[in-house]
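Heads up: the structure comes next, in structure tokens.
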Amino acid sequence: MRSLIPYVLIFVAALLLPLFANDYWAVIGARAAVYWVLVAGLNLVVGYGGQLAIGWVALLTLGSYTASILVARFNLDPFLAYAAGGVVGALAGVVVGLPALRLRTFYFAMTTLGFATIVTQIALAWQSVTGGGIGLPGPMLAAPFDSAWGFYLLCLGFAAVVTWMTANVASSRYGRSLVAIRDAEVAAEATGISKARLLIIVFLFSGFTAGVAGGLFATLQSYITPEAFSFDLSVTFFIAILVGGRGSIIGPLLGNVLLTLLPEFAAPLVAWSTFLYAALLLAIVLLMPGGIAALLDFRNRKPLESNRSIVPQPDRVRALLDHGPVRDNIVLSKVVLAFGGVRAIDGLDMTIRAGEVHGLIGPNGSGKTTTLNVISGYYAPQEGEAFLGTRVLPHGIPQARSALGIARTFQTPRVIGEASVLQNVMIGATIDGRASFLEAALTLPRHRSDEKRMTTRAMDALEVVGLASLAAVRADRLQHSELRFVEIARALTGRPAFLLLDEPAAGLSTEEIKRLGILIKAVAEAGTGVLLVEHHADLIFDICDHVTVLNLGRELAAGTPAEIRAHKEVVSAYLGA
Amino acid sequence: MLAAILAAGLAVGSIYALIGVTYNIMFSASRVMSFTSGQLGMLGGVFGALCITRLGLPILPGFILAMAGCALVGLITEIVAVRPVLKALDQHLYVLSTLGFALMIQTFTAIEWSTEPQPFPRLIGIGEGGPWDEKFWLPVVACFATIVGLELLYRRTLVGRAFLAIAEDNFAARALGLPERNLRMASFALAGVVGGLAGFAGGELLLAFFANGAMLNFLGFVPVALGGLGNNRGAVIGGLALGVFQQTANFLMGGVVAGVAVFAVFIVVLLVAPQGLFGSPPARRV
């Protein structure tokens, strides 16, 4: 609840503005509110999703022209026209956004910039519809919104609703997933987050708010020409978000207000405002990448307890996993995968049984992690297949593995540093969410029950791995060994039938390795099949039911730990005498 | 008719290609794509007009001074907007820092120079009007001179080979004792000169106009996307093809349609071949 206070303060201050300011400020205030309607939506794309959409002004332009044309030429009701602008904005948002699914940051930024240029050019050239350089009048509203303050309050209402909705989305599994694809894309895929679907929904939403903002903008301007939609404006939106800080709502809100008001307080600087914004952007990136939000984040400045230890509770694993008996096994059959001339896996047969710990060991470069990547769908085998029971595991769609009950961890922990430990772990339960984006935005009951279930399950997982006391801490403040357990908690939250662990003991102390071993054993006893890629021979021989030794992509030996320990070639090639 | 389209197409294409090369030089040295590339092209024109028309310098000293100015801007880009964010390359902060710096250059020019296109001095005076006008062939000559010069630099000189070593494997190059930072600064200065040359040679065509920066940023990046990042020959082929395509569309269907067509080609190529037509596949992710 305390997190609501700043929003309430800002809203009350905005409501009180009419009491002690003149009409001029009504226009400035309305402008800030209209911009925020766009920026709030864009914030999900830029601040949460990390997609550098610098040309979002194009959607404002489209919304503006749609609303104005519908009102001026077809006499449509202004509010319906705003909605139509929103729909056009939403569709255009998907069009502008789609390249983000394939393109890297700078390329995507360029495509949005190109799109913005094109839209302005078309608005200028298509005179019969847009009025060209002369422009056309924006929608006029009837009483009570025809006065400066009436319109201001209307815009404030829109802004408040959008703030509420984006805040809801941000704290839902959609918001968490966005941050996950921003900071830990590979891990996000492994937990079943589909980047394509997620981004399309968010581009629709963000495009809609931008389109609605466009309609309001046209009314605010009362007359629109292509010049009103300069690239400088687009940059202002973008910078407001970065000044505010990524992954925050209140930060960009303050940033937006700040950037809208700045020229009013420094009239001589108006000509220089874009220069100042650009300088501000550079300064923020270089000096304070966290933005305003990082300045306001008092909670994460308290020092953490220094001698903390990870105490897992293996006896609670069974209650957490609770997935009934796992019937199928993962079977690799004659899998071959070569990178250029190197045959990383060279005809490997292997069966990972449910309820067992299967160790995979071998010297560096023997194909252990590659095998794991084939099972988890990042690589496609060139020959042979990987099966789950009798079904072939589909190639090249790692985001589909989670639904099949296959979870994994990574050699270097891939967690979202800027999110809390609890949020990181909740990512693991993403595919269990049932509420749609709209339900999440409006906090309907199904969304609330989703959240409750995910939170409970993630907290349970944190207690199982022994990190419950750190749930609220930003993940980048944790130690390396703790991050390893966070990853395991994230994987367990999805209640996997199979758990693939890529060197989970690397960097752990002897005591921690012992606890990890007990935890893994408990996971297998609860019915989950575990594939354990490791270098710590002691851990492997302690807890594995079955061990495969790889060398140069081939099976050197396979059997029980006792058999492997006695295997001559293994001892000479890998274990040493 | 055809000659006019070809002349204009190859001329603007050469300018786009040079901006593409500017992107590539910066990228090779630092793995950073910079929004200042197009601005350097704009500055080449503005500095040229400033030195020769406003300050009244003879052409050669004016040219040298303009190039020195662009080299300096390239150098400042490295120091201000690139070096501080190199540590966290994977966070892509360079997109934001170079965008910020590029906008500063652009607005500063708009305010201190002019918001209107200013005339660029006539440099030689060959081929008044017509397809053989110097404004058409100067950019082409500049483009080929640059490419030949860069090839010679990279293949024949020790410094050039050091540039290549940095581009190939930064860590290994440093382990060999190459002065990576100095080479990077030199690369950015060189990129400044190449970008500036694009604007200077194309000055009679594009004039000295602050908004050229944003235009060249985009149209200069298209050849990079077509030809593959870091591939100079790809950028030249892509740039010339783009220029001819754009001018043809421009002539046949008008400027707006040409703009849309260029954008459409850009998007389609990127979606079909994100590595560019001559580029190499991406590195492994897991």
How do B:TYR16, A:TYR24 rank when sorted from fewest to most other Cβ atoms within 10 Å of their own Cβ?
A:TYR24, B:TYR16
Among A:ASP297, B:ASP169, A:ASP346, rank each residue by its count of other Cβ atoms within 10 Å, from fewest to most, as a rough exposure measure.
B:ASP169, A:ASP297, A:ASP346
Determine one quarter of the surface area of the Cα convex hull of region A:406-495, which equals its mean projected area, and express it in nm² to one decimal.
5.8
When the helices in chain A are scored as -39500 (n - 2.57) per DSSP H run of 4 or longer and the sum is shared across all residues, what 222 nm value do you end up with, to the nearest 500 deg cm²/dmol?
-16500 deg cm²/dmol
Label A:ASP23 and A:ALA472 with points 7 Å out from Cα along Cα→Cβ: what is the distance between them in nm?
5.0
Of B:ILE147, B:GLY220, B:LEU10, which is farthest on the positive side of the dipole of region B:2-272, counting Cα position, with +1 on Lys and Arg Cβ, -1 on Asp and Glu Cβ, and the Cα centre as origin?
B:ILE147
Under a point spin-label approximation (7 Å from Cα along Cα-to-Cβ), what is the A:ASN364-A:LEU269 distance to one decimal in nm?
5.3
How large are Rg and Dmax for region B:167-286 when only the alpha carbon atoms are used, in Å?
17.3, 56
Given the options B:THR248, A:ILE201, A:GLN313, identify the residue whose Cα lies farthest towards the positive end of the charge dipole of the protein assembly as shown (+1 on Cβ of Lys, Arg; -1 on Cβ of Asp, Glu).
A:GLN313
Quotient of C-alpha Rg and 2.2 N^0.38 Å, computed over region B:54-101
1.60
Across chain A, how many lysine pairs, 8 or more apart or on two chains, come within less than 30 Å at their alpha-carbon atoms?
12
From the Cα trace of region A:117-221, what convex hull volume per residue do you get, rounded to a whole Å³?
134
Largest-first principal axis extents, alpha carbons of region A:306-373, Å
46, 41, 16
Quick one: net charge around A:GLY347, please, counting Lys, Arg +1 and Asp, Glu -1 for every other residue with C-beta under 13 Å from its C-beta.
-2
Report the Rg/Rh value for chain B, based on alpha-carbon coordinates and the Kirkwood definition of Rh.
0.96
Remind me, what semi-axes does chain A give for its equivalent ellipsoid, largest first in whole Å, using sqrt of 5 times each Cα gyration tensor eigenvalue?
53, 25, 20
At 0.36 nm per residue, minus the direct Cα-Cα distance, what do A:GLU525 and A:THR225 gain on full extension? Give it in nm, one decimal, please.
101.1 nm
Can you give me the P(r) profile for region A:174-260? Cα pairs, bins 5 angstrom wide beginning at 0, each as a whole percent.
3, 12, 15, 20, 19, 14, 9, 5, 2, 1
Build a GNM of chain B with springs between Cα atoms under 10 Å: which of B:VAL141, B:VAL82, B:VAL222 gets the top mean-square fluctuation?
B:VAL141
Estimated FRET transfer efficiency when R0 is 56 angstrom, pair A:THR390-A:LEU4 (beta carbons, to 0.05):
0.60
Sorted by Cβ neighbour density within 10 Å, fewest at the top, the residues B:PHE144, A:PHE205
B:PHE144, A:PHE205
The base-10 log of I(q)/I(0) that the Debye equation returns for region A:2-230 at q = 0.13, 0.15, 0.16 Å⁻¹, one scatterer per C-alpha, is -0.77, -0.99, -1.09
Residue-averaged [θ]222 nm for chain B, counting only DSSP H segments that reach four residues, each worth -39500 (n - 2.57):
-23500 deg cm²/dmol
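Just so you know, all these numbers are worked out from the coordinates, no wet-lab data involved. Note that the structure is a prediction, hence the values are computed from the model and not measured. Cβ atoms come from the backbone with ideal geometry, glycine included; neighbour counts cover every protein chain shown.
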